[in-house]
Each structure stands twice: as structure tokens, then as C-alpha cells.
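First up is the structure itself, then whatever we jot down about it.
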């Protein structure tokens with residue numbers, strides 16, 4: 001009889017997500033029944049890393065855990081209602097825990113707990129509150145391969161797009177760059193090694209410059225610009 005708690009892993013497709021999931025699978029405390037990813041219903045790409053749905057499916061297939069996708073409007077107007085329905089469906093399957101790959105953004109963790117705990121779901125953070133230096137060192141030694149696909153343009157220039165996260169790349173970051181990109185400096189796509197049973201083939205077809213208006217805590221709005229790789233199968 002399987003006595004492990006059933007869990008859903010919230011999958012971004014990037015390096016921290018891959019490292020956190022690999023740790024969870026190695027520790028074997030939870031039965032991970034699904035990888036949950038939020039998808040922009042207009043672009044059919046992941047909401048944070050802009051990874052195409054087909055590549056997310058290939059990641060899940062290579063890992064060997066089913067992918068569950070939830071489609072949201074660009075303005076997130078239907079986020080709460082769709083997530084509530086998703087959580088309730090997982091609870092019917094016996095899920096008691098949601099697992100994330102956050103490191104030290106306390107407001108993000110608090111938000112997750114405030115939404116999930118009242119629904120009877122515990123939040124698990126296997127990388128939580130460790131130094132970025134220790135996590136990036138563990139990632140480099142994990143065997144997982146990840147390429148940079150998004151950079152904040154005023155932090156990392158276009159030449160970083162397509163680079164693998166390895167010691168050479170991390171050593172080339174300026175001192176104000178978090179090694180893990182935890183402040184949004186960069187995002188990655190994980191494609192091979194470690195928990196992946198088969199390498200995911202993909203191409204960077206072009207690199208776009210995109211901008212987003214973000215409302216700050218002080219009420220002001222600031223425009224952030226990013227280099228965004230368009231990745232294809």
C-alpha cells in the first residue's frame with residue numbers, strides 16, 4: 001500500500017523547477033501525480049517563461065509525469081476561478097500538497113499559502129530559504145541542462161540568450177545579478193540530463209525585445225524590457 005502523500009508539482013519548465021522536482025523525486029516522500037503549468041490562452045505558451053505548450057508536453061513526457069495545463073486570459077481575470085476548480089479537481093484525486101521551486105521571495109510564498117491553505121492544500125518548497133550561491137552550485141552539479149531564454153535587458157544583454165547555465169556563464173554575471181535570477185534577471189528552459197530520460201530538441205528561431213508595464217508597491221508603474229527567445233520544436 002502506498003502511504004506517500006499525493007502532490008502536484010507546479011512546473012515552470014526552468015532550472016529551479018527542474019532542480020526542485022529532481023530533489024522531490026530523489027527524496028521519494030511524495031507521489032507526484034502531475035506537473036501543473038499555467039498557459040496564456042492567446043499564445044499557448046507558459047505564463048512566465050513563454051515556453052510553447054508542445055515543448056512543455058515533451059518535458060513532461062521525458063520526465064515521466066503527466067502534464068496538467070490551466071489556460072488563463074492575458075489579464076488573469078479568470079485566474080482565481082480556474083485555479084479554484086483545478087485545486088478542487090486535484091483534491092478529489094487525493095492531492096494534499098502543492099510543490100513549488102521558489103527560493104526566497106517571501107511575498108510569493110505567502111501568496112501561495114494564503115490561496116492554498118484555506119483549500120486544505122499544504123505548500124512545499126524544497127529550495128526555500130537557501131542561498132542562491134548554494135542552489136546554483138547544486139544545479140550545476142545536478143546534471144540538468146538549461147538554456148537562458150529570457151533576460152531583463154538592462155541586467156543581461158542579448159548575448160546571454162541561448163547560453164547554458166554552467167559555471168562559466170554564472171561567473172560572467174555582474175555582481176548585482178542574483179546567480180539564480182531570482183529577482184527576474186533571467187529565465188531558462190530545461191531540456192536534458194538529470195531527471196530527463198530523453199533530451200528535448202528545440203530551436204531558438206528568433207529573439208524579440210518585449211516590454212511590460214509593472215505596477216510597483218508604491219503605486220507607480222514602471223516599464224521593464226526583456227530579451228525573449230522564441231523557441232520552437
Test for residue 70: is it assigned to a helix (DSSP H, G or I), free of Cβ contacts under 8 Å to residues at least 40 places away in the same chain and over 25 Å from residue 207 (Cβ atoms): no
Tally of residues being surrounded by 11 or more Cβ atoms within 10 Å (Cβ to Cβ) and part of a helix (DSSP H, G or I) across region 89-127: 13
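Listed here are the residues, each with its yes/no results for (1) in contact with a strand residue (DSSP E or B) (Cβ under 6 Å, 6 or more places away or on another chain); (2) surrounded by 11 or more Cβ atoms within 10 Å (Cβ to Cβ).
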| position | (1), (2) |
| --- | --- |
| 140 | no, yes |
| 158 | yes, yes |
| 168 | no, no |
| 182 | no, yes |
| 221 | yes, no |
Residue check, residue 87 in contact (Cβ under 8 Å) with a residue 24 or more places away in the chain and touching a strand residue (DSSP E or B) at 6+ places or on another chain (Cβ under 7 Å): no
In region 49-67, the residues that are touching a residue at least 60 places away in the same chain (Cβ under 8 Å), surrounded by fewer than 17 Cβ atoms within 10 Å (Cβ to Cβ) and assigned to a loop (DSSP other than H, G, I, E, B): 64
Residue list for region 28-48, filter: in contact (Cβ under 8 Å) with a residue 40 or more places away in the chain and either closer than 21 Å to residue 198 by Cα or surrounded by fewer than 17 Cβ atoms within 10 Å (Cβ to Cβ) (or both): 32, 33, 34, 36, 48
Residues (part of a loop (DSSP other than H, G, I, E, B) and without any contact (Cβ under 8 Å) to a residue 24 or more places away in the chain) located in region 200-233: 216, 217, 218, 219, 220
Criterion: farther than 25 Å from residue 52 by Cβ and outside the structural domain of residue 55 (by TED's automatic domain parsing) - qualifying residue of 117, 129: 129
Test for residue 57: is it at pLDDT below 95 and in the same structural domain as residue 14 (by TED's automatic domain parsing): no
Residue that is surrounded by the most Cβ atoms within 10 Å (Cβ to Cβ) [pool: residues in region 128-138 that are within 19 Å of residue 24 (Cα to Cα) and free of Cβ contacts under 8 Å to residues at least 60 places away in the same chain]: 136
Considering residues of region 192-219 that are under 23 Å from residue 127 (Cα atoms) and touching a strand residue (DSSP E or B) at 6+ places or on another chain (Cβ under 6 Å) only, the residue surrounded by the fewest Cβ atoms within 10 Å (Cβ to Cβ): 193
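The values are calculated or read from the model by the stated rules, or taken from the named source; none is laboratory data. All of these numbers come straight from a predicted model, not from anything done at the bench. Methodologically, a virtual Cβ is constructed for each residue, glycine included, from the backbone with ideal geometry; neighbour enumeration extends over all protein chains shown.
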